[in-house]
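Reviewing the structure listed below.
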2 protein chains.
Amino acid sequence: MSKLSPAEIDVALKEVSGWTLADDGLSIQKTFKFKDFNQAFGFMTRIALKADKMDHHPEWFNVYNKVEIALTTHDVGGVSQKDIKLAAFADDVA
Amino acid sequence: MSKLSPAEIDVALKEVSGWTLADDGLSIQKTFKFKDFNQAFGFMTRIALKADKMDHHPEWFNVYNKVEIALTTHDVGGVSQKDIKLAAFADDVA
């Protein structure tokens, strides 16, 4: 697993929907909105199971129907294909 | 459900463990740490089921084994007994 370059991140972000690179260039982020808390936490639960299986965990904030997710790969000090993979999974679940 | 006064919050916070009033006085907060993500999300799941049953939802942030929770009651514009109840539940679960 290696750190993606800015150009590689640009390309990779085209594979997912609505994810943007953080200002510091170290993570990708997206805010998801649902009907209510039940749907939002159901979404989080599916991500959590996937994340634990991948041993690659999100940084996330939830209030009621909103889930803000940031994905970064600490081992490489930036964004890797693992983040793109988990982002694509989150899009599929939502 | 009514808004607790600062004095009432002081008393109520003695019923729970390690919760503090936010600087703006509108919410109570605590950071929980666990062994790993699996334990942290297991904790969150138990809170989520309780919160949805109470129709009283946390604002929370999670990264790996850490869960930061803020509890406030929007309907009263501050802290109510609902927040104290959910805080006590979180302590029990942790």
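The values are calculated or read from the model by the stated rules, or taken from the named source; none is laboratory data. Only a predicted model underlies this, so the values are computations on that prediction, with no experimental measurement involved. Virtual Cβ from ideal backbone geometry, glycine too; neighbours counted across all protein chains shown.
Working carefully through the options B:77, B:42, find the one that is surrounded by fewer than 16 Cβ atoms within 10 Å (Cβ to Cβ) and either in contact with a Gly (Cβ under 7 Å, 6 or more places away or on another chain) or within 11 Å of chain A (Cβ to nearest Cβ) (or both). Matching residue, one of B:77, B:42: B:42. The residue that is nearest to residue A:76 (Cα to Cα), counting only those in the range A:45-59 that are at the interface with chain B (Cβ under 7 Å from one of its Cβ atoms) and acidic (Asp, Glu), is A:59. Only a single item in (1) buried (at least 20 other Cβ atoms within 10 Å of the Cβ); (2) touching a strand residue (DSSP E or B) at 6+ places or on another chain (Cβ under 9 Å) is not met by residue B:6, and it is number (1).
For the range B:66-94, the tally of residues that are free of Cβ contacts under 8 Å to residues at least 40 places away in the same chain and in contact with a strand residue (DSSP E or B) (Cβ under 6 Å, 6 or more places away or on another chain) stands at 4. The numbered conditions (1) away from chain A (no Cβ under 14 Å); (2) more than 13 Å from the chain's Cα centre (by Cα); (3) over 21 Å from residue A:37 (Cα atoms) are all true for residue B:17 except (2). Of the set (1) more than 14 Å from chain A (Cβ to nearest Cβ); (2) more than 24 Å from residue A:40 (Cβ to Cβ); (3) surrounded by fewer than 16 Cβ atoms within 10 Å (Cβ to Cβ), all apply to residue B:35 but (1).
Which one of B:83, B:92 is modelled with pLDDT of 95 or more, among the acidic types (Asp, Glu) and surrounded by fewer than 21 Cβ atoms within 10 Å (Cβ to Cβ)? Matching residue, one of B:83, B:92: B:92. Considering the range B:6-94, the qualifying helices (runs of 4 or more DSSP H), each wholly inside and each with 1 or more residues that are within 23 Å of residue A:51 (Cα to Cα), run over B:37-54, B:81-93.
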